[in-house]
Amino acid sequence: MPAAAEAQQCKRCHAQTSAHILRSTPHCVGCYDHYIRSKCVKRMESYKIKSENPPITLLLALSFGASSTTLLHLLDSQIRAQKHRIRYRLKILHVDERILDPSLPASESLEEVKRRFPQTGGYLSARLEDVYDFAAEETGLERDGEDGGGKEEKLKTLLQRLPSPTSREDLAAVLRTRLIVALARREGCSGILWGDTTTRLADKVLASAAKGRGAQLPFEIGDGPGPFGITYYRPLRDVFKKELVTYISEIVTPPLLPLCVGFSSTPKHSAAAATSGKNITVGELMTQYFESMEAQYPSTVSNVVRMGDRLKLPGRGEEEDSCAMCGLLMDKGGNGLTLGAQEVVEGGERRKVCYGCMRATHGASAELSWPVLS
Amino acid sequence: MSTAPPRTPRICAHCATERAKVQRAKTNERLCVSCFIAVFELEVHQTIVGNKLFHRGQRVAIGASGGKDSTVLAAVLKTLNERYAYGVEFVLLSIDEGIKGYRDDSLETVKRNAEQYGMELCIVGYRELYGWTMDQVVEQIGKKGNCTVCGVFRRQALDRGAAMLGVNHVVTGHNADDMAETVLMNLLRGDLPRLHRCTCIVTESTSSPISRSKPLKYAYEKEIVLYAHHRKLDYFSTECIYSPEAFRGSARSLIKSLERVRSSAVLDIVRSGEAFAEMVPEEIRGTTACAGEGKKTTIDIVAGKEEESTGCGKGTSGDLSQGGEMSQFEKQLANNEKAEHLETEITLPPPRKKRSGEGGGEKVLQVPLPKAKKQTLGSCRKCGYMSSQELCKACVILDDLNKNRPKIEVELDYDEEEASSSIRRKMEALDLRRSMVTTLSND
């Protein structure tokens, strides 16, 4: 890494020579590790998880990316340290999304992780299409008469009918979240641990806005009660993505990098290289925007998150007021003027769909068979 | 831009008879020219009616710059006023910032528009009002912060112009792209109070007697250009020669990329912005968030308190690399973070709690938080403009500017009374100029 920092002394312990610049101060490997750990531990402490009998179980959503893998590594140490007073147990879930992109990691990679962290908790995996197992009903079935198709077929057809890569990405994320929540419930977990870093959260603030999902922002970035009676925790919210990239390859020994099979230092669709913007999605664009921003303007990035955290849901409506697709609170705004004056939503029997989902499905090539979760 | 495979090639999606010549940025529909113009006007009409922007017999000023937005706004409002019999009298109000090669030419366009649409025109100039043209301001302070100065000046100039025209409502040509840009900019700056109000279609401020509204709030910039093109409107298409704030530039280039990826993104951001407005906690809505305690120039202080969006909300695109303003903001944030660290290390007992001396001993009294200072509205000591401070923002800036003006340095005893009276004299001169302009346009 930085050659200039090489000769400097670590500003924390003043004993070791530093190899890394962290928050504009030179850090040795040990102090770097300590810094990242303490950020995560402090956050976990702030959740005030009480030790109960039996202790609560939390579900860690592992994508094999840099952040969620680091989170697993950090919580592994924490769990091993809490021998006498067990406050929580862990279950580790990976959702196989190869139906979206065959190059995504397979659940077999869990074996590797299990070997590294055998004591951390129970491991489980699911496929994205398993979300249909939890569906109370499905829309658009009668019309299509494709009742017989397997869930894989169903999801494939659904995705094909969506109007754009951004819609596919957006709704796949909706389904993934719903599947993770459903599994958390089935497994008796009271909370879900997400690997979101500061950078990722800032990215989500703007991506939510750009997808018309601003009204649901607190569920995307907040800690605390989630939308489905499950608590969300994001203990890595105080570290930047770039810090974890260094962490997994240069700080932890043996490096975590080989486990991070979902991590890639080069984006699939580069915003800079994209000429038409046809293939890249809104989400990818925002991710790259913030990953380049954190290099130059880290405080601006964390300021975006701090501001996002202060946005609160306006007084909670009744239960019926949730979107049939994403299950989140309805965004009742957004009228003909935002969707186009001539577009009349036909039929009074229509399901309640929030603005973001309406936008994502607007222009779909055929009626969608959407799994409605209870 | 290429599009989804055409299902009904080249036939207008609305009338299904004419050939489609226009693709809507908003919906990707292919329309014929007359259907496009009709639906564009209809949407503006719905915006006006849905928000009850005008009432019969009202006199409303259109903030006219000669650019595409305000020209389209004037044309659409004139059309709608006749078609739907709003019974509103529209007049044009222009600001002359004194920017050579930009405003002087665009004002010619406005004068032509005034004739074409048969509307009264009033031009308010910075030179007459403040004794400074923007060219002179930039010469003195450079391009950094000039948009702020211009924004403060414009706000007051608009108010004064509106007063001269006898109107209390000014409509401006802000379009959906501008709105989305402002939402993103406020997100990037973490500016909650502005996030709360930036998507409002009508803004009424206690510090201004004039309400402002944005009837083109839901109209895409691209569609505005198309509308102007197909109606062959006479507009001036050069953008301001002074660069925009870096945040706006960064937000703008982001919007452009997003629009390329999914054209609905512009309105989706506007929609999210409206949702965010509801989500800003009550206690931070009104008062402006207090930035760090670092040393600031007068202009920065004014910028922090400026109520409307600073600058004009227009500008050329920029990107992250051109960020003098952004690095400054970054530095300020970083300093704040450092300061925060220091604060938490000195752990003081909660400052709001006081022990009640005599009685319970153990009892802890909750001393109510000191209410945020209600700003009382007075008028500026110098120019008489509405202000919660002794001096209005424009006069604060002017003081700063004038301090560095060579000819004032000559005077040993700088007399404030004289300065204020000179402003007042300039104000009186304005009325003269206005009558001049109206006679001009009548010729």
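General observations
- Selected residue (criterion: surrounded by the most Cβ atoms within 10 Å (Cβ to Cβ)) from residues of region B:144-180 that are farther than 15 Å from B:Val396 by Cα and among the polar types (S, T, N, Q): B:Asn175
- B:Arg212 vs. criteria more than 14 Å from chain A (Cβ to nearest Cβ) and touching a strand residue (DSSP E or B) at 6+ places or on another chain (Cβ under 6 Å): yes
- Across region A:239-261, the number of residues qualifying as among the small types (Gly, Ala, Ser) and touching a strand residue (DSSP E or B) at 6+ places or on another chain (Cβ under 9 Å) comes to 0.
- Taking the criterion of being over 26 Å from B:Asp191 (Cβ atoms) and either at pLDDT 90 or above or facing chain B (nearest Cβ under 10 Å) (or both), the residues of region A:273-302 that qualify are A:Ala274, A:Thr275, A:Ser276, A:Gly277, A:Lys278, A:Asn279, A:Ile280, A:Thr281, A:Glu284.
- Residue check for B:Thr182: part of a loop (DSSP other than H, G, I, E, B) and in contact with a Gly (Cβ under 7 Å, 6 or more places away or on another chain): no
- Counted residues, region A:24-45 - those being within 14 Å of another protein chain (Cβ to nearest Cβ), in contact (Cβ under 8 Å) with a residue 12 or more places away in the chain and surrounded by fewer than 17 Cβ atoms within 10 Å (Cβ to Cβ): 2
- Test result for A:Lys83, at pLDDT below 95 and more than 14 Å from chain B (Cβ to nearest Cβ): yes
- Here B:Phe40 fulfils each of the conditions (1) under 20 Å from B:Ala162 (Cβ atoms); (2) at pLDDT 90 or above apart from (1).
- Just so you know, in region A:216-255 the residues that are on the phi < 0 side of the Ramachandran plot and of a type in the set (Gly, Ala, Ser) include one that is nearest to the other protein chains (Cβ to nearest Cβ), and it is A:Gly222.
- Complete set of residues in region A:183-215 that are more than 11 Å from chain B (Cβ to nearest Cβ), in a helix (DSSP H, G or I) and within 17 Å of the chain's Cα centre (by Cα): A:Leu183, A:Ala184, A:Thr198, A:Thr199, A:Arg200, A:Leu201, A:Asp203, A:Lys204
- Extreme residue, farthest from A:Glu187 (Cα to Cα), among residues of region A:74-113 that are among the small types (Gly, Ala, Ser) and in contact with a strand residue (DSSP E or B) (Cβ under 7 Å, 6 or more places away or on another chain): A:Ala106
To keep it simple, each residue is scored yes or no on (1) within 30 Å of B:Leu258 (Cα to Cα); (2) among the hydrophobic types (A, V, I, L, M, F, W, C).
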| residue | (1), (2) |
| --- | --- |
| A:Gly188 | no, no |
| A:Trp194 | yes, yes |
| A:Gly212 | yes, no |
| A:Gln216 | yes, no |
| A:Gly226 | yes, no |
| A:Tyr232 | yes, no |
| A:Leu236 | yes, yes |
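- Residue in region B:65-86 that is part of a loop (DSSP other than H, G, I, E, B) and within 14 Å of chain A (Cβ to nearest Cβ) present: no
- Of the residues examined, A:Val305 is one that is modelled with pLDDT of 95 or more, surrounded by 14 or more Cβ atoms within 10 Å (Cβ to Cβ) and either at negative phi or within 9 Å of chain B (Cβ to nearest Cβ) (or both).
- The condition (being touching a Phe, Trp or Tyr at 6+ places or on another chain (Cβ under 8 Å), facing chain A (nearest Cβ under 9 Å) and under 30 Å from B:Glu139 (Cα atoms)) is satisfied by just one residue among B:Leu195, B:Leu267, B:Leu188: B:Leu188.
- In region B:2-19, the condition of being surrounded by fewer than 22 Cβ atoms within 10 Å (Cβ to Cβ) and either closer than 17 Å to B:Ile224 by Cα or touching a residue at least 60 places away in the same chain (Cβ under 8 Å) (or both) is met by no residue.
- Counting the residues of region B:225-264 that are within 21 Å of B:Ser70 (Cβ to Cβ), more than 10 Å from every other protein chain (Cβ to nearest Cβ), touching a residue at least 40 places away in the same chain (Cβ under 8 Å) and not in a loop (DSSP other than H, G, I, E, B) gives 7.
- When B:Gly161 is tested against (1) outside any loop (DSSP other than H, G, I, E, B); (2) within 14 Å of chain A (Cβ to nearest Cβ); (3) among the small types (Gly, Ala, Ser), exactly one condition is not met: (2).
The values are calculated or read from the model by the stated rules, or taken from the named source; none is laboratory data. In this text, all values refer to a predicted model and were calculated from it rather than measured experimentally. A quick note on method: Cβ atoms are made from the backbone with ideal geometry, for glycine too, and the neighbour counts reach across all protein chains shown.
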